[in-house]
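Here is the structure we will look at, set down as structure tokens.
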Amino acid sequence: MSIRIDQIVTRGGDTGQTSLGNGERVAKDSIRIEALGALDEANAVIGLLRATLPAGRNARFIAWVQGLLFDVGGAICIPANPPRALPHAAAALQAMEDEVAVLRAQVPPLRSFILPGGTTAAAHAHLARTVIRRAERRLTTLARQEDIGTDIPACMNRLSDYLFVLGRHLNNNGMDDLTWTPASPPPGTD
């Protein structure tokens, strides 16, 4: 597929509207645009995560995830009934489940809730997970208005699972996880 974008400044959005993939003009704060914006934000945060990863399996998988998010956006940017199918959805779900299984086998079982943080890469994975969850919420709102199918919500849910386990993996396979301690006193008050 070849894509050519010749013009960046169009002035078409100066009045608070933007175009969908089919040319339809909609308000920039419509739920569809909110969902697309959340997907874009998620992809940008995943780009930050990708920048912290050394070359290898995790970096390759995260690069694939960025493409998957573009596929999700492509399916959402054009209203359709029935909804546009997400390309290779079954394979995408299986790939994420397989990666979760590989990474989970390397980390100890959870004994507490995990706080976002640790290494820079793990912190970026946890941030990406939260932004994916926001995109998932925006897509859920869109799904209440129209049918978006079941593949996209499932993929978003699986992606947040993957990013959680990746965050643990990037914290020395869970050994350096930051764990929550319930009802602990403030520092310096003991």
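Coordinate-derived values only; no laboratory data. What you are looking at is a predicted structure, and each value in this text was computed from that prediction instead of being measured. Here Cβ is always computed from backbone atoms with ideal geometry, including for glycine, and neighbour counts include all displayed protein chains.
I need two numbers for the chain: Rg to one decimal and Dmax as a whole number, Cα atoms only, in Å.
18.9, 63
Taking the Cα centre of the chain as the origin, how large is its charge dipole in debye, to the nearest 20, when only Lys and Arg (+1) and Asp and Glu (-1) carry charge on their Cβ atoms?
Rounded to the nearest 20 debye, it is 80 debye.
Sorted by average packing, counted as other Cβ atoms within 10 angstrom per residue and highest first, what order do 34-43, 106-115 take?
34-43, 106-115
May I ask you to order 23-31, 90-98 by the average number of other C-beta atoms within 10 Å around their residues, highest value first?
Answer by packing, highest mean first, reads 90-98, 23-31.
Can you give me the distance in nm between label points at T181 and A51, each placed 7 Å from the Cα along the Cα-to-Cβ direction?
Using points 7 Å along Cα→Cβ, the separation is 3.4 nm.
Under the rule a/c < 1.5 gives rounded, and otherwise a/b versus b/c splits prolate from oblate, where does the range 33-75 land using the Cα gyration tensor?
Because a/c hits 1.5 or more and a/b fails to exceed b/c, the range 33-75 counts as oblate.
Could you tell me the ratio Rg/Rh of the range 56-153? Both radii from Cα atoms, Rh via Kirkwood.
1.01
Which of the listed residues, C77, P116, A101, is farthest toward the dipole's positive end in the range 48-190, when Lys, Arg count +1 and Asp, Glu count -1 at the beta-carbon?
C77
Taking 1 over the mean of 1/r across every pair of different Cα atoms in the range 100-190, what Kirkwood radius in Å do you get?
The Cα-based Kirkwood calculation yields 14.7 Å.
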